[in-house]
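A.B. asks: I am attaching a structure below and will ask some questions about it afterwards.
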Amino acid sequence: MSSADGPVEMGTLVRHARELRERIWRDPHRPRYHLMPPEGFVNDANGAIYWNGRYHVFYLARSPIPDPDNPGADRWVEVWDHVSSADLVRWTYHPPALRPRHDGSTPNGIWSGGAVRGAPEPTLVYYVPGQGICLAVAEDDDLIRWRELEQNPVIPADADGEFVVYDPGGWYEDGTYRLLVGNRNNRPGYEGDCTSLFVSRDLVDWKYEGPFYQSRREWTDLEEDAACPEFFPVGDRHMLLFHGHRPYMQCHYYLGRYVDGRFEAELHGRMNWPGGQLGGPEALTDPNGRVVFFGWVYEAAPDFGWGRWMEKGWAGAMTLPRILSVRDDGTLGIAPAPELESLRRRPRSVANVSIPADGEVDLPEMAGDTLELALTIDPAQAEEVGVKVRCAPGESEETCIVYVPAKRKLRIELMKSTLDPHINYGVPAQTAPLTLNPDEPLELRVFLDRSIMEVYANGRQCMTQRVYPTHADSLGVRLLARGGAAKAVRVEAWDMNPAAPW
């Protein structure tokens, strides 16, 4: 019989781990096939890279460290968790790539940043509160071990200048490293969202080059910002993808031209609207030339899920991998990665379903909460058409996805999504722009994964929504038409196999 302390402590840890696993698994709102950690709180995607035959994604998580202000106690601070996949569907969980030092030199954690695109060696850039912009270089091809630069912070937090030192992003181009630093620039004429360009030949000595682009008020409001910037070519354009903190947590992008080291924005768009839950975006380009997008799906709560994870043991997830492209008309194309089709099982379909004016059609064979739905709907003369999901038998709970042709809007109605009094979306619906061409049907692909809903429309729009039905039988699917009759040309459904670690 061994002496007590080690084995007993390990046995206790294993028992607690199994109890936590079972508790999390029983939670009816925990997604089954979205990328998320086995436990704990997750937010920003903070680095995405294809390397050595695998897709790698890093994201902010939380880990306890000794609290320097409270001896004997811990505090939860940001770390960079790391996962990888060969197929964008099934993920392997690795040890954290970046974490605070236990010597107290990084007491506020490791904040957001990204992977330096195209760097000769995999390189991460990140912000350390109170210190500045830091860099780490991979020491192995599995990207498990990372060497932090001795010269960190390479751009100090207290550096004087018109730039703001905050969550960075970067790329490598023609022998030069380039970083976009901060979410604003204070140069007159560059008010609103803006980020600042720095360049270096050696990762150590950085030169400030000025604002990277100029926003316009017909696109964004003065209070908006551009954090966690990602810059990359897509089609015949360049995209600047970024996170916005105000007036609500969201995701923006610009498409435009990259000329003489500066970005000339030509088109602005959003990927989240009031009532929705998407932020902290990242993207990589894979060997096939595809731009693969990930974003943080936060909880619909005032604290983005911090309280939920302390109560439930988990909160937050990544979006499904999305493929971004530039369409023939110069606008953004967005579609789910085709690899997700490998999760499909139990296919079923119906065709040519008439939807009466101001009526609904129940599709009991399509019901579920872990589904992919594909719908082609001819609006005909209807003023509004769409589909209801997560419907309770008595209609006490339901979430409506509705297209309004005259207003060129796609809407997710939230008034009856949940009976939980703690959920407050702040608006009755999340509403996104969507314009269909004459005689073009509405084509929806709806991914339901417990509390996450992703709605793709006609290859050029995607909405991200959290829903929390309280009834276990809130599983129904119903077609709807308002102000005129319509027809569902085809409706397909698949149950989706789980892809979570357990």
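A.B. asks: Do the conditions hold for Thr220, that is, is it more than 18 Å from Gly118 (Cα to Cα) and in contact with a His (Cβ under 7 Å, 6 or more places away or on another chain)?
C.D. replies: Yes: the conditions hold for Thr220.
A.B. asks: Of the residues that sit in segment 194-215 and are under 15 Å from Asn183 (Cα atoms) and out of contact with any Phe, Trp or Tyr (no Cβ under 7 Å at 6 or more places or on another chain), which one is surrounded by the most Cβ atoms within 10 Å (Cβ to Cβ)?
C.D. replies: Ser215
A.B. asks: Output the residues belonging to segment 160-187 that are surrounded by 23 or more Cβ atoms within 10 Å (Cβ to Cβ) and outside any loop (DSSP other than H, G, I, E, B).
C.D. replies: Answer for segment 160-187, where residues must be surrounded by 23 or more Cβ atoms within 10 Å (Cβ to Cβ) and outside any loop (DSSP other than H, G, I, E, B): Phe163, Gly169, Gly170, Tyr177, Leu179, Leu180, Val181, Asn185.
A.B. asks: If you don't mind, another one. Given the residues Ile401, Ile423, Ile377, Ile355, which is the only one that is surrounded by 21 or more Cβ atoms within 10 Å (Cβ to Cβ), out of contact with any Ser or Thr (no Cβ under 7 Å at 6 or more places or on another chain), within 25 Å of Ala301 (Cα to Cα) and in contact (Cβ under 8 Å) with a residue 24 or more places away in the chain?
C.D. replies: Going through Ile401, Ile423, Ile377, Ile355 in turn, the sole match is Ile401.
A.B. asks: Under 6 Å by Cβ, and 6 or more places apart or on different chains, what pairs join a residue from segment 212-234 that is at positive phi with one that is part of a loop (DSSP other than H, G, I, E, B) and buried (at least 22 other Cβ atoms within 10 Å of the Cβ)?
C.D. replies: Cys228/Ser112; Cys228/Asp167
A.B. asks: Run Ser396 past the list (1) under 30 Å from Pro247 (Cβ atoms); (2) of a type in the set (S, T, N, Q); (3) assigned to a loop (DSSP other than H, G, I, E, B) and report the number of the one that doesn't hold.
C.D. replies: (1)
A.B. asks: Here is a further query. Residue by residue through segment 216-230, note down the ones that are touching a Ser or Thr at 6+ places or on another chain (Cβ under 9 Å) and either surrounded by fewer than 16 Cβ atoms within 10 Å (Cβ to Cβ) or assigned to a strand (DSSP E or B) (or both).
C.D. replies: Within segment 216-230, Ala227, Cys228, Pro229 meet the criteria.
A.B. asks: Using beta carbons and a limit of 6 Å, which pairs, at least six apart or on different chains, have the first residue in segment 149-170 and closer than 22 Å to Gly244 by Cα and the second one of a type in the set (Asp, Glu) and not in a loop (DSSP other than H, G, I, E, B)?
C.D. replies: Gly169/Glu230
A.B. asks: So, in segment 299-341, exactly how many residues are among the basic types (Lys, Arg) and without any contact (Cβ under 8 Å) to a residue 24 or more places away in the chain?
C.D. replies: So the answer is 1.
A.B. asks: If a residue must be crowded, with 24+ Cβ neighbours inside 10 Å and not polar (S, T, N, Q), how many such residues does segment 265-282 contain?
C.D. replies: So the answer is 7.
A.B. asks: Residues of segment 261-290 being touching a strand residue (DSSP E or B) at 6+ places or on another chain (Cβ under 9 Å) and part of a loop (DSSP other than H, G, I, E, B), which ones?
C.D. replies: Matches in segment 261-290: Gly261, Met271, Asn272, Trp273, Pro274, Gly275, Gly276, Gln277, Leu278, Asp286, Pro287, Arg290.
A.B. asks: So, one more: Are any residues in segment 439-488 part of a strand (DSSP E or B), closer than 18 Å to Arg270 by Cβ and either small (Gly, Ala, Ser) or over 16 Å from the mean Cα position of the chain (by Cα) (or both), and if so, which ones?
C.D. replies: Ala457
A.B. asks: Out of all the residues in segment 305-321, is one or more crowded, with 16+ Cβ neighbours inside 10 Å and over 30 Å from Asp420 (Cα atoms)?
C.D. replies: No, segment 305-321 contains no residue that is crowded, with 16+ Cβ neighbours inside 10 Å and over 30 Å from Asp420 (Cα atoms).
A.B. asks: Ok, one more. Scan (1) of a type outside the set (Lys, Arg); (2) within 21 Å of Asn152 (Cα to Cα); (3) not assigned by TED's automatic domain parsing to the domain that holds Val181 for the single condition Pro28 breaks and write down its number.
C.D. replies: With respect to (1) of a type outside the set (Lys, Arg); (2) within 21 Å of Asn152 (Cα to Cα); (3) not assigned by TED's automatic domain parsing to the domain that holds Val181, Pro28 is out only on (2).
A.B. asks: Of all the residues that make up segment 134-159, how many are more than 18 Å from Cys228 (Cβ to Cβ) and assigned to a strand (DSSP E or B)?
C.D. replies: Counting residues in segment 134-159 that are more than 18 Å from Cys228 (Cβ to Cβ) and assigned to a strand (DSSP E or B) gives 6.
A.B. asks: While we're on this one: Taking segment 59-89 as the search range and keeping residues that are at pLDDT 90 or above and aromatic (Phe, Trp, Tyr), which one is surrounded by the fewest Cβ atoms within 10 Å (Cβ to Cβ)?
C.D. replies: Trp80
A.B. asks: Is it the case that segment 291-312 has a residue that's at positive phi and over 17 Å from the mean Cα position of the chain (by Cα)?
C.D. replies: No, segment 291-312 contains no residue that is at positive phi and over 17 Å from the mean Cα position of the chain (by Cα).
A.B. asks: Name the residues in segment 404-419 that are surrounded by 14 or more Cβ atoms within 10 Å (Cβ to Cβ), over 23 Å from the mean Cα position of the chain (by Cα) and assigned to a loop (DSSP other than H, G, I, E, B), would you?
C.D. replies: Matches in segment 404-419: Lys416, Leu419.
Residues are listed down the side, and each one gets a yes or a no for (1) farther than 20 Å from Gly118 by Cβ; (2) under 28 Å from the mean Cα position of the chain (by Cα):
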| site | (1), (2) |
| --- | --- |
| Asp140 | no, yes |
| Leu149 | no, no |
| Asn152 | yes, no |
| Gly161 | yes, no |
| Tyr166 | yes, yes |
| Tyr172 | no, yes |
| Thr176 | no, no |
| Val181 | no, yes |
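A.B. asks: For segment 4-108, give me every one of the strands (runs of 3 or more DSSP E) that falls completely inside it and has 1 or more residues that are of a type in the set (A, V, I, L, M) and either touching a helix residue (DSSP H, G or I) at 6+ places or on another chain (Cβ under 9 Å) or over 27 Å from Thr319 (Cα atoms) (or both).
C.D. replies: Fully inside segment 4-108 and qualifying: 40-51, 54-66.
A.B. asks: Sticking with this one: Would you check which residues across segment 446-502 are over 16 Å from Asp369 (Cα atoms) and modelled with pLDDT under 95 and list them?
C.D. replies: If the condition is that a residue be over 16 Å from Asp369 (Cα atoms) and modelled with pLDDT under 95, then Pro501, Trp502 are the ones that fit.
The values are calculated or read from the model by the stated rules, or taken from the named source; none is laboratory data. Keep in mind the model is a prediction, meaning the values are calculated, not measured. Reconstructed Cβ throughout: ideal geometry from the backbone, glycine too, with neighbour counts over all protein chains shown.
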